[in-house]
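Below you'll find the structure, written out as C-alpha cells, and then a few comments.
Bear in mind these aren't lab numbers, they're just calculated from the coordinates by the rules spelled out. The structure presented is a predicted model; accordingly, all values stated were derived computationally and were not measured.
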Amino acid sequence: MATGGFCKLPNGTVVVALNLPSPAVRVLVHAGNRARALTRLRNLGLRAVYLRGNAAPPTPDEITAVLHHPDGLVWRTAPADAPALGPELVQELWHPIRALLRPSTAPM
C-alpha cells in the first residue's frame, strides 16, 4: 500500500504521485487516467501499488518534472520525515524508473 495523490491536467491526463515505503521513494507517473498510471507501475513489477485518496498530490514542480521526462515515469528518494514533499524539502534530482527497477544479475 502506498500513500500519494493525483492531479488531473487540463488536457485530461493525470499525474499520479506515490510514496512507496520500501524502498522509500516518491514515484511520479504520467498517464491517461489513474487506473492506467497504476497499471504502468504494476507492469514494471510493483504489484502491491494502490492509491487510496488524494492525501499527497503532486506539487507543480513534480508535475513539471514528470511531463518533461520522455518515459513519463520518474522517482527520487522520499525522506521519512517529509509526508508532503516540496522543492524546499528535497534537493535530489529525479531519476528515470529504469534506475530503480534494474534487473537482477543473479544466475538462474
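Taking each residue as 0.36 nm, the span from Lys8 to Arg42 lengthens on full extension beyond its C-alpha to C-alpha distance by 10.2 nm.
For segment 3-96, report the translational diffusion coefficient in µm²/s to the nearest whole number, using Stokes-Einstein at 4 °C, 1.567 mPa s, and a Kirkwood Rh over Cα pairs.
Numbers: Rh = 13.0 Å.
Translational diffusion coefficient: 99 µm²/s.
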